[in-house]
Amino acid sequence: LKMEQFESGDKDLGKKRQQFKYQDRVIYEWNQTIDEVFVYINPPEFVLPQHKEEVKAQLQPGQAMPEMDIKITSSHLTVGIKGNPPFLDEDLGGKVNTSESLWYFEDDEIHISLAKIYKAQTWTC
């Protein structure tokens, strides 16, 4: 994936989300700042924290609660439901500091924050 240096006029670069689509379906949205890349994913409703009790009530004996399985390495991101193939399995547009990168749920989305090792480089989708 191609990386470029920030232009001095790119102050608004991190504000607008870009969409990554496959067969006209939005797989994820993303944006970036000089320091970080942010990825936003709409997960299946059954993994959202507010649906935990409802899902738990529907489980069969021996069935485990569905959990997100998100792995961030220095150059790769994998996102899926534990025990199933990942639905996102991609090389990143640059190197990340894994100890400063994280993910969390917010506003019914998965937010993934990737801390760039090489600051001031733009990533392409």
*Among GLN60, GLY80, GLY94, flag the residue with its Cα farthest along the positive direction of the charge dipole of the chain, charges on Cβ as +1 for Lys/Arg and -1 for Asp/Glu.*
GLY94
*When the chain is fully extended, how far beyond the present Cα-Cα distance does GLN121 get from ARG17, taking 0.36 nm per residue of separation?*
35.7 nm
*Which of the chymotrypsin sites (Phe, Trp or Tyr not before Pro) found in region 90-125 are loop residues per DSSP with 12 or fewer other Cβ atoms within 10 Å of their Cβ?*
TYR118
*Sites PHE38 and GLN60 - FRET efficiency at Förster radius 35 Å, r taken between beta-carbons, to 0.05*: 0.40
*Lys/Arg Cβ at +1, Asp/Glu Cβ at -1, dipole of the chain taken about the Cα centre: which of PRO49, TYR22, TYR104 is farthest positive-ward?*
TYR22
*asked:* My understanding is that a pair violates if its Cα-Cα distance is over 25 Å; which of LYS16/LYS119; LYS16/LYS116; LYS21/LYS56; LYS56/LYS82 do that in this structure?
replied: LYS21/LYS56
*Over its Cα atoms, what ratio of radius of gyration to 2.2 N^0.38 Å does the chain give?*
1.18
_GluC sites (Glu not before Pro) within region 45-125: DSSP coil, no more than 11 neighbouring Cβ in 10 Å_ = GLU67
_Charge dipole magnitude, Cβ of K and R +1, D and E -1 - the chain, Cα centre, debye nearest 20_ = 240
*Electrostatic dipole magnitude of region 47-100 [Cβ: Lys, Arg +1; Asp, Glu -1; Cα centre; debye, to 20]*: 120
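Any read-out appearing in this document is the output of simple, stated calculations on the displayed coordinates, not a laboratory observation. In this text the structure is predicted, and so the values were computed from the model without any measurement. Quick reminder, even Gly has a Cβ in these numbers, built from the backbone with ideal geometry, and neighbours come from all protein chains shown.
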